[in-house]
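Report on the structure given below.
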Amino acid sequence: MAASDVVRTGRPATAGGTGPVPRPRRQYLGRRLSHHLILILISLAFLAPFLVMITTAFKTSGDIFRVPPRLLPDRWVLGNFAEAVQAMPFLRYLANTVLLVVLNVAGTLISCPLVAYGLAKLHWRGRSPVFGTVLATMMLPAQVTFIPLYLLWDRLGAVGTLWPLIIPAFFGSPFYIFLLRQFFTGVPDSLREAGLIDGASELRVYLQLILPQAKAAIATVAVFQFVATWTDFLLPLIYLNSQENYTLSIGLYNFFGEHGVAWGPLMAACLIFTVPALAIFMVAQRYFIQGISVTGMK
């Protein structure tokens with residue numbers, strides 16, 4: 001029996017060279033187990049509404065209003081999905097939503113990285129006050145600007161069209177600018193200087209040297225903007241007054257009738273509405289996690 005075994009474990013080792021698990025290791029394993037159990041419980045709490053939505057989408061009316069309620073239906077049906085599509089001009093609403101998503105993501109990816117690059121890498125007088133102003137606008141509640149912006153778009157004759165939901169994306173978002181600036185500040189200045197020495201213009205350095213380094217951060221911004229536009233309900237409700245321009249989020253209101261709610265078709269429509277955002281997140285998850293970790297390490 002080695003003296004080191006007695007010192008390490010506090011008791012003699014067995015003949016096979018193995019002994020009881022040291023107390024600090026048992027405490028460490030116990031803490032790890034408790035942390036995992038807590039995380040599992042929190043995850044189940046967040047997943048519960050999603051599971052209820054999925055199962056309700058496949059239930060009949062009798063199963064939905066059964067007392068006591070059950071999570072799984074006795075009979076799985078697909079009729080709710082057909083009713084969900086037929087209850088509204090689904091393809092029209094889907095086309096409007098996809099158009100808004102594409103233009104908003106494109107506008108955000110054009111404007112925000114460019115502004116963030118100017119605030120991170122270009123040295124010009126007034127840069128710090130401008131960046132401070134950008135940060136200050138993040139602290140301003142969106143509800144404060146609803147009325148002035150509505151009056152502005154109304155005087156421009158754009159209320160009732162999709163333009164108030166598209167144009168602001170091409171002027172940048174303070175949060176995305178801040179997120180990308182945090183990443184650009186971590187890119188070595190020597191990379192930009194090498195491009196300028198080789199005769200490249202500032203725009204070429206930005207497009208060919210800096211942006212390729214920011215794929216993770218840009219993917220993060222794209223996912224954020226996609227989810228924000230796809231699920232936006234308030235702004236389309238404020239600016240759109242024609243059914244031809246409605247989005248899917250507005251279309252979900254068709255299931256709230258005067259005398260009740262069609263819960264089965266509503267949950268089916270919500271499931272259809274949720275799947276694209278979930279799919280985009282799963283596809284871009286690797287870039288999303290990487291972008292959040294990189295831009296947060298400042």
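The values are calculated or read from the model by the stated rules, or taken from the named source; none is laboratory data. All figures in this text were calculated on a predicted structure; none of them were measured in a lab. We place every Cβ from the backbone using ideal geometry, glycine too, and count neighbours over all the protein chains shown. We work out accessible area using only protein heavy atoms, side chains counted, and drop any ligands, DNA or RNA first. Shrake-Rupley method; radii C 1.70, N 1.55, O 1.52, S 1.80 Å.
Can you confirm whether Leu179 is farther than 30 Å from His123 by Cβ and in the same structural domain as Val101 (by the TED database)? Judged against the criteria, Leu179 is not a match. Within the set Val85, Val98, Val105, the sole residue that is assigned to a helix (DSSP H, G or I), surrounded by fewer than 18 Cβ atoms within 10 Å (Cβ to Cβ) and either within 20 Å of the chain's Cα centre (by Cα) or of a type in the set (Ser, Thr, Tyr) (or both) turns out to be Val98.
Note on the stretch 115-139: residues that are in contact (Cβ under 8 Å) with a residue 12 or more places away in the chain and part of a helix (DSSP H, G or I) total 10.
Residues in the stretch 12-41 that are open to solvent by less than 80 Å² (accessible area, probe 1.4 Å) and at pLDDT 75 or above were compared, and the one that is nearest to the chain's Cα centre (by Cα) is Ser34. Every test in (1) basic (Lys, Arg); (2) open to solvent by less than 40 Å² (accessible area, probe 1.4 Å); (3) assigned to a helix (DSSP H, G or I) is passed by Lys59 save one, and that test is (3). Of the listed requirements (1) open to solvent by 50 Å² or more (accessible area, probe 1.4 Å); (2) in contact with a helix residue (DSSP H, G or I) (Cβ under 6 Å, 6 or more places away or on another chain); (3) over 13 Å from Gln225 (Cβ atoms), Trp153 misses just one: (1).
Matching residues to (1) buried (at least 18 other Cβ atoms within 10 Å of the Cβ); (2) farther than 15 Å from Pro164 by Cβ; (3) in the same structural domain as Tyr150 (by the TED database); (4) modelled with pLDDT of 90 or more:
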| residue | (1), (2), (3), (4) |
| --- | --- |
| Thr229 | yes, no, yes, yes |
| Phe233 | no, no, yes, yes |
| Leu240 | yes, no, yes, yes |
| Gln243 | no, yes, yes, no |
| Leu248 | yes, yes, yes, yes |
| Tyr253 | no, yes, yes, no |
| Gly257 | no, yes, yes, no |
| Gly260 | no, yes, yes, no |
| Gly264 | yes, yes, yes, no |
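All of Ile210, Ile197 fail the test of being modelled with pLDDT of 85 or more and surrounded by fewer than 17 Cβ atoms within 10 Å (Cβ to Cβ), apart from Ile197.
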